[in-house]
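The values are calculated or read from the model by the stated rules, or taken from the named source; none is laboratory data. All figures in this text were calculated on a predicted structure; none of them were measured in a lab. Cβ placement follows ideal geometry from the backbone for every residue including glycine, while neighbour counts extend to all protein chains displayed.
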Amino acid sequence: MQSIRNLLRTFVHLEPLKPIYNLIYPSLLLYERQRFYSQFLQPGDLCFDIGAHIGDYAAAFLKTGARVIALEPQAESAAYLIKRHGKNRRFEVVEKAVGESEGQADFFVASNSKISSLAGDWIERCDLPATITDRRIVPVTTLDRLILQYGLPRFIKIDVEGYELETLKGLTQPVHCLSLEFHVKEISRVTLYLDYLARLGKFEANYTFGKKTTSLALADWASPGELYDKITLRSQNKIRKHGDIFVRFFL
């Protein structure tokens, strides 16, 4: 299925075929993501979508039959999430950021809203094609608080643009499964994520490269040390700038 989607990408460069691309590609990507995340989520499972933005991943989580709690501190994106998924009784928006402790924090709005972050140096750190356009104070909660409120999730997706470690530090217990984004230009930070998670419990890990990839890179899940070595080796070609780590705790 992913090969079909890759073939469709060639249409975007051909003006007469763009309508076909615009019609088919998003639905095909949603279908592939649903199939991919079905290995982590079953109907009735609880999912935390941390950094939900405009709800593309939430759409896939909902398609699995899961209940989705979407965390999004940007008011504009939160409003869009409600408009897009709000009629679904299994969906709830929490207009907050997630960090190491509860309270308030400065949130840096970028010209490209999907890379806005609590990390004020995020754009500079990774030389991203955007600028800071606004700075707001937003409420911050923690993963521990969310678990206390909603229960232990089956899966947590973390995509918080350079604020992954701080988000993880608000979790003090193992969970079933989680994913978090990594960036090739900050590949060394992967060890910080894995080291912190290892304090919570024993786990195995896998990864994907590219935000629209819908297959795990490893046929067999790896130990934390093995995973870091494999990601580091793979990232040397730098064809893709980021990916996601998937962690599965032994509960």
Can you tell me which residue in region 219-251 is nearest to the chain's Cα centre (by Cα), limited to those that are at pLDDT 95 or above, part of a loop (DSSP other than H, G, I, E, B) and within 26 Å of L29 (Cα to Cα)?
W221
Let me spell it out: the conditions are (1) crowded, with 19+ Cβ neighbours inside 10 Å; (2) in contact with a Pro (Cβ under 8 Å, 6 or more places away or on another chain), and L180 meets all of them except one. Which number is the exception?
(2)
Of the criteria (1) assigned to a loop (DSSP other than H, G, I, E, B); (2) surrounded by fewer than 21 Cβ atoms within 10 Å (Cβ to Cβ), which one H53 fails
(2)
Just give me the residues in region 200-212 being closer than 15 Å to D159 by Cα, surrounded by 17 or more Cβ atoms within 10 Å (Cβ to Cβ) and in contact (Cβ under 8 Å) with a residue 40 or more places away in the chain, in sequence order.
none
Give region 125-152 a look and list any residue that's more than 25 Å from T172 (Cβ to Cβ), surrounded by 11 or more Cβ atoms within 10 Å (Cβ to Cβ) and not hydrophobic (A, V, I, L, M, F, W, C), or say none.
R125, T133, D134, R136
State all residues of region 56-73 that are among the small types (G, A, S) and either touching a His at 6+ places or on another chain (Cβ under 7 Å) or surrounded by fewer than 24 Cβ atoms within 10 Å (Cβ to Cβ) (or both); if no residue qualifies, say none.
A58, A59, G65
Of the candidates F40, F91, the one satisfying the condition of being within 30 Å of I187 (Cβ to Cβ), crowded, with 20+ Cβ neighbours inside 10 Å and aromatic (F, W, Y) is F40
Residue check, L197 surrounded by 15 or more Cβ atoms within 10 Å (Cβ to Cβ) and modelled with pLDDT of 95 or more
yes
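Looking only at strands (runs of 3 or more DSSP E) that lie completely in region 79-196, which have at least 3 residues being more than 18 Å from the chain's Cα centre (by Cα)? Step through it out loud before you land on a result.
Working: elements: 91-94, 103-110, 132-141, 155-158, 177-183.
So the answer is 103-110, 132-141.
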When you scan region 200-211, do you find a residue that is of a type in the set (D, E) and in a helix (DSSP H, G or I), even just one?
no
